[in-house]
Amino acid sequence: MATDERKLVKLDNERSKIPFEWDAEALAGIRPDQMPRMLGAITHPELNEVKVFKWEELTAIQNRVDTTRVEDIALSTEDGPAGVVGKFNGKNYILDGHHRSVGYWLRGDEEVQMHFINLQPMSNAMKAQVCKVDASLGLVFGWAIVCKENGEDYFDTQDEHIPEPVMLEAAFKAAPTLVGADMHVWKDDKTPITTGDIHFMFPLTTDIAEAMGLKTETTGLMIAYKPHTEEILKKFQSGEYTGFSVGGYAEKKDA
């Protein structure tokens, strides 16, 4: 039930004001390419991770709720994720579940579980891919795929994200045939012009890192690439090349 400190501010006989920060222009900040992922998260929330939020960490996209419905939720023992939160424009927006969230707030809960999707793209997608060049062996070490950075899902400049389980399965299937190309120069849609070989490959997920006793801010697919020519190796040494072009192709599926 409601606490002494938490009371709804009624707008009329049926509706009350949302007790959280509210952004009337929130959805205007969603790009067209982000909209399908947002709608997918709302339609199938169970496919997204569950995170715990403090109330001050959330921003509403609607400014009112049905008073009776919220009060009924506050009096219930209902538990579990209250809805869906999407992160974009630097904020955690309640995309679905305003009534359950306000009901949990009204009964005195200090935090709330929400299904979470990160819709915010990472800038400078190539920044961490090449980590080290060993001139004596002619090897370039780095990340062929980045899945997470600092615990958050990583999105490239095309706003695409490869989850850890997908990366792990893809690495397993591609390992025998993986090759390197010269910065996306291909013969055709499925055939890269091979200019190097992948000598080492290791998929590092959150679970694998924990099992190995490793602490890392980045997860994904680590590789050691050996260019066929000194000319290409020097481009990595000079910093002209900051990322990898790995030969292969993928099928994109909606969440």
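The values are calculated or read from the model by the stated rules, or taken from the named source; none is laboratory data. None of the values given here were measured: they were computed from a predicted structure. FYI the Cβ positions are ideal-geometry reconstructions off the backbone, even for glycines, and counts take in every protein chain you see.
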| said: Quick check on my filter: what residues within the stretch 125-141 are at pLDDT below 90 and among the small types (Gly, Ala, Ser)? | reply: ALA125, ALA128
| remark: Filter the stretch 147-188 for residues that are loosely packed, with under 11 Cβ neighbours inside 10 Å and part of a loop (DSSP other than H, G, I, E, B); the one that is modelled with the lowest pLDDT is THR177
| Across the stretch 1-47, what is the total count of residues that are in contact with a helix residue (DSSP H, G or I) (Cβ under 7 Å, 6 or more places away or on another chain) and among the aliphatic types (A, V, I, L, M)? | 5
| request: Return yes when GLU71 is more than 30 Å from LEU233 (Cα to Cα) and free of Cβ contacts under 8 Å to residues at least 60 places away in the same chain and no when it is not. | output: no
| Matching option when the condition is of a type in the set (Ser, Thr, Tyr), farther than 25 Å from ASP23 by Cβ, out of contact with any Phe, Trp or Tyr (no Cβ under 9 Å at 6 or more places or on another chain) and modelled with pLDDT under 95, among THR68, THR77 | THR77
| remark: Note on the stretch 205-225: residues outside any strand (DSSP E or B) and among the small types (Gly, Ala, Ser) are ALA209, ALA211, GLY213
| Does any residue of the stretch 26-39 turn out to be part of a strand (DSSP E or B) and in contact (Cβ under 8 Å) with a residue 40 or more places away in the chain? | no
| remark: Note on ALA26: of the conditions (1) closer than 16 Å to GLY97 by Cβ; (2) exposed (fewer than 13 other Cβ atoms within 10 Å of the Cβ); (3) over 17 Å from the mean Cα position of the chain (by Cα), unmet is (2)
| task | For the stretch 209-229, name all the residues that are loosely packed, with under 15 Cβ neighbours inside 10 Å and either touching a residue at least 24 places away in the same chain (Cβ under 8 Å) or not assigned by TED's automatic domain parsing to the domain that holds PHE155 (or both). | result | GLU217, HIS228, THR229
| Given (1) surrounded by 13 or more Cβ atoms within 10 Å (Cβ to Cβ); (2) touching an Asp or Glu at 6+ places or on another chain (Cβ under 7 Å); (3) over 23 Å from PRO163 (Cβ atoms); (4) not aromatic (Phe, Trp, Tyr), index of the condition ILE73 fails | (2)
| Which residues, taken from the stretch 48-93, are under 19 Å from GLN113 (Cα atoms), in a strand (DSSP E or B) and out of contact with any helix residue (DSSP H, G or I) (no Cβ under 8 Å at 6 or more places or on another chain)? | GLU49, VAL50, LYS51, VAL52, PHE53, LYS54, VAL85, LYS87
